[in-house]
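The structure appears below as structure tokens.
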Amino acid sequence: MKRWYANPVPDFGLRIVGVALLAIGWAIGERLHQVATGISVRDASFPMMLLAAIAFLCSSAGSALFFVGAGLGEPVEVSERWRRLPSPDIDVSRTG
């Protein structure tokens, strides 16, 4: 398999996408703050909750992409404890 993450171009592109997601999350958070300061806590509506969830997702994904970049695609070694065992050959002739 080709190691696309070893090239600096995808790394730079993913970091730019991370910055864009962080900017989107910031803008949504600012808008949410403007809306939320004018109402009481009990008047939180579904669109406000949706804005909060979108801001959280954009900020989380943006942080991961910005700080790790193409390192998200690097393979990791899985402990032997969590590896799948090879399936045993089933002998159908022996039953019972």
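In region 40-84, what residues are polar (S, T, N, Q), out of contact with any Gly (no Cβ under 6 Å at 6 or more places or on another chain) and under 27 Å from Arg15 (Cβ atoms)? Quick ask: steps written out before the conclusion?
Filtering region 40-84 for residues polar (S, T, N, Q) gives 40, 45, 59-60, 63, 79.
After this cut, where a residue has to be out of contact with any Gly (no Cβ under 6 Å at 6 or more places or on another chain) as well, the list is 40, 45, 60, 63, 79.
If the condition is that a residue be polar (S, T, N, Q), out of contact with any Gly (no Cβ under 6 Å at 6 or more places or on another chain) and under 27 Å from Arg15 (Cβ atoms), then Ser60, Ser63 are the ones that fit.
With part of a helix (DSSP H, G or I), touching a residue at least 12 places away in the same chain (Cβ under 8 Å), at positive phi and buried (at least 17 other Cβ atoms within 10 Å of the Cβ) as the only criterion, which of Gly25, Gly69, Gly18 stands out?
Numbers: Gly25 fails: at positive phi; Gly18 fails: at positive phi.
Only one candidate passes the filter, namely Gly69.
Quick one: Arg42 ticks every box in (1) at pLDDT 85 or above; (2) loosely packed, with under 10 Cβ neighbours inside 10 Å; (3) assigned to a helix (DSSP H, G or I) except a single one, so which number is it?
(1)
Residues being under 13 Å from the mean Cα position of the chain (by Cα) and either modelled with pLDDT under 90 or exposed (fewer than 14 other Cβ atoms within 10 Å of the Cβ) (or both): count how many of those fall in region 45-56.
Number satisfying all stated conditions: 1.
Scan region 37-59 residue by residue and report those that are free of Cβ contacts under 8 Å to residues at least 12 places away in the same chain and among the polar types (S, T, N, Q).
Residues satisfying the conditions are Thr37, Ser40, Ser45.
The values are calculated or read from the model by the stated rules, or taken from the named source; none is laboratory data. Remember, predicted model here, so these are calculated numbers, not experimental data. With ideal geometry, Cβ positions are generated from the backbone for all residues, glycine too; neighbour counts draw on all protein chains shown.
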